[in-house]
Amino acid sequence: MKKKFMMMLLSAMIVMGSMSIAHAAEPDEDIADEIIDVSDEKLTVYDGEEIAPRMDSLKRLFTMEYKNLLKNERVTTTLNGSAYSFDPKDIKTKSLHITVTPDTNKSTDTCSLKVGVGYPTGNDFIENNYVTMSSYYGGSSDLAVDEKHIDYTQRQYGFVRNTSQGSAYGSVQFDAYVDW
């Protein structure tokens, strides 16, 4: 009896599965006439409206920590070698995702942090592009990697700078969106 029931159940599942496949193969009338042209980094719909690409996947570029970062102090990934940098030409989506994770147990105050990318030159560091975040609340933000903000002849390194009073502790993750 148990074996017969299992066979019936399996047969029903096969029939339902084939019906689902047959239904899925039929074109959806709502979208069948709409053509989407995929070019560069945007999708263009016939009416001229542009929509941003779906960017679900992230690739970790590097993570950096900052400890006891005081007013106007900056830490960069340049001391850690080339593994903690990237070539801007390799970022096809022209966008980074930055996540600040504060250590609120050690930070003495809510500081304003500049977090971004740049490159060393002589004894200085050029801050190409950045976002501003709270050292206490942290959070995530996107950062453009385009010709307006990035020097494409230089490898880019991560940086964090405290622009206000107090000391900040935490870490920052730099991720590149994966082009789909």
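Annotations for the structure displayed:
- Shape of region 88-144, Cα gyration tensor, a/c cut at 1.5: oblate
- Couplings 3J(HN,Hα) for region 128-141, derived from phi with the Karplus relation 6.51 cos²θ - 1.76 cosθ + 1.60 (θ = phi - 60°), are 5, 8, 7, 10, 10, 9, 7, 6, 8, 8, x, x, 10, 7 Hz, where x marks Gly and Pro.
- Neighbourhood charge, 14 Å Cβ-Cβ cut-off, centred on Tyr169 and excluding it, Lys, Arg +1 and Asp, Glu -1: -2
- Scanning residues 5 or more positions from Leu58 or on other chains, those with amide H under 5 Å from its amide H are Val178, with H placed 1.01 Å from N in the peptide plane.
Readers should treat all values here as calculations from the given coordinates under stated rules, not as data from a laboratory. Since this is a predicted model, take the numbers as computed values, not measurements. Cβ sites come from the backbone with ideal geometry, for glycine too, and all protein chains shown count toward neighbours.
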